[in-house]
Each structure stands twice: as C-alpha cells, then as structure tokens.
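Laboratory data are not the source of any read-out in this text; all were calculated from the coordinates shown. These numbers come from a predicted model, not from an experiment. Neighbour counts run over all protein chains shown; Cβ positions are idealised from the backbone, glycine included.
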Amino acid sequence: MRIVFHDLTVEPQPWLAQLRLAFPGADIALWQPGAAPADYALVWAPPQQLLDEQTALKALFNIAAGVDALMQMRLPPGVPIFRLDDAGMAVQMAEFVCQAVIRHYRELDPVEADARGGHWRQRKPRRRADFPVGVMGLGVLGKRVLAALKAFEFPLRGWSRTPHAIDGVRTYCGPSQWPEFLASTRVLVNLLPLTPETENILNRDTLSRLQAGGYLINVARGRHLVDADLLDLLASGQLSGAALDVFRQEPLPAEHPFWRHPLISITPHTSARTLRDESIAQIIGKISRLEAGADPHSLGGWVRTELRY
C-alpha cells in the first residue's frame, strides 16, 4: 500500500510517523511532482498536478471538514472523497459559538469598554425569549452547536437544504422555508459549506430579513458574506453587530474596514481547528476498512457526489 501526504499548513512528520505506525508495511511519503501512483492521498488544498498525476487512487482524504477547495478542482473520476467527520472540531465550534452568542446577549463588549474607561454601569437584563438563535447548516457541527445552546434556553432555529428533526429546535428546510427561518431569527450562525449555491448567501437581502437588531456569527467561510452589505446594514442600524472568524482574504488585510469597526468582533479563523491525533485516527480507521473491502458509501464523511448541510 502506498500513501501520499500534502498539506502545507501543518508539520508533516508527526502525521507521517503515526501513519507508519498504523501501517508498518506501507510506503508513506510526502507528495512530490512525478511521484509514483498511490492508493490513498491525504491532502489539504493540493495542487492540481497532484490530482492529475494520481490516477490509481482508491480514496482521497481531505484533512479538514470543509471541502470547498477540492470541489473547485478537476477531481479524479470515480475516486471516493472523504472529509473529516468532527475529529474534535465539533466541541470547539460549540464552545466558540456559545461564547459569541452569550457575549452579544449579555452585552459584554460594551461592559468591558465601560470597565476600560473606568465606568461602573449596570445594564438592564434582556429577555432570552427576544433572542432566537438560528443555525444555518445542520450537519455534524450545526447539530453539536444547537445541542450546546440548549443549555442556555434561547429559542432555537435551524435551516438546511434537506429536512431534519432536532428535539427542542424549530427546523426549516429548502428555499421555500428560507424566508420564514430568517424572519424567526435574531442571532444568525452560519455553518454552511461553501458551494456555488451558498457563496454570497449572507447578503443585504438575507441579513435584512432578520429580526430587528439582528446579529451575525460567521464561522464557516468568508466568501459566504458580502462584506459591503454587512457594513451598510451596520451603518443603517438594521444589524447590531457581527462576530467574524472567517474572511474572503486570510489573513485579513490591515486596511480592511472590519478591523476598525466598533460593532465587529474579529478572530483569526480559530473557531474550530483540526486536531491531529483525532484526524489521523479517523483516517486510519477508514483506510483499514477500505482495505478490508468496506463499501465507501458506508463510511462517514463521504462527499464524492454532493455536499450535505
């Protein structure tokens, strides 16, 4: 068995070492142009040359949950493609979104600004019922976020392309229920995958449909959001603020107006990071099952023909 690895964002040697422990007889190496045909490739944002040259793959593993980079490339025909299914990211995303929701609801940003200015100012408590939270995308991450938010007793909403039933959550699906979902939401959390259909989905029309004082939390992809539309809606008072963890260009350029906006909270794409040990264990398990003859469709994280959200 031969495995090639390509991810320029991580130190590769720990990945290679753990894979070699799991498959002691295998040839496991970093991908190089012209490399011999491999059975499996583990990649993040690979060059097109890798995909073109590796014509004998049994499966391609994306070293992250988001596969939007791969979906824009010319893929090997008929090769199963798998993304990470949680791998420690769900709990990180849940804690990040919960803190962002609570920070907005409890007005902690202005409270901390008061403290920095030496002002002792108590604010009138808000009604939890006035802050329904709507989650866009009901995959592994979306469901985990909603499960965590239940503990704080906010009214919960969820929207996805296909129907889902989630205890304690009012769910909506498809284009026909999209306007109703937005109108029922005050705090909007985006966890959609990036596809041609979802690019620019956070635009003037969408965000204007939120309840008065709407608040955006974007932890999916920067290209979901039309930056200028968000700035205009904040200026008009239609929206009360935003917590942004992802951006069209990363790192966010120093001249971008998001940096200086008093109603925008910025974090450096850190809401849910890939955890190496959990990721490698998941990939090893799937390769082992494939080598034993498992049907690729029976393994979690299958994304070869479509994205589900």
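Numerical summary
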quantity	calculated
In order through region 44-51: 3J(HN,Hα) via Karplus (6.51 cos²θ - 1.76 cosθ + 1.60), integer Hz, x for Gly, Pro	9, 6, x, x, 4, 4, 4, 5
Answer label, with semi-axes √(5λ) of the Cα gyration tensor in Å calculated from the coordinates and candidates (i) 49, 36, 17; (ii) 31, 21, 20; (iii) 39, 20, 18	(iii)
Candidate aspartates and glutamates for bridging to Lys286, where Cα separation is under 12 Å - those fewer than 8 sequence places away on the same chain excluded	Asp85, Asp295
Net dipole in debye of the chain [+1 Lys, Arg Cβ; -1 Asp, Glu Cβ; about Cα centre; nearest 20]	940
Residue exposure sequence - His224, His297, His6 - by fewest surrounding Cβ within 10 Å	His297, His6, His224
Pairwise FRET efficiency - Glu95 versus Ala17, Cβ, R0 = 41 Å, nearest 0.05	0.90
Protection proxy ranking, peptides 117-129, 58-70, 267-279, 147-159, average beta carbon neighbours within 10 Å, highest first	58-70, 147-159, 267-279, 117-129
Under the span-like rule (Cα at least 15 Å along the axis, Kyte-Doolittle mean at least -0.5), DSSP H helices of the chain	12-22, 89-105, 276-291
Alpha-carbon centroids, region 204-267 and region 24-74: separation in whole Å	34
For Val79, Val219, order by how many other beta-carbon atoms lie within 10 Å, fewest first	Val79, Val219
Percentage relative contact order, region 89-266, counting C-alpha pairs under 8 Å, at least six apart	16
Inter-label distance for Arg121 and Ser176, nm, one decimal - labels placed 7 Å from Cα along Cα-to-Cβ	4.8
Theoretical gain in end-to-end length, Thr162 to Ala113 [0.36 nm per residue, Cα-Cα removed]	13.4 nm
Two-site FRET efficiency, Ala235 against Arg276, from Cβ-Cβ distance with R₀ of 51 Å, rounded to 0.05	0.75
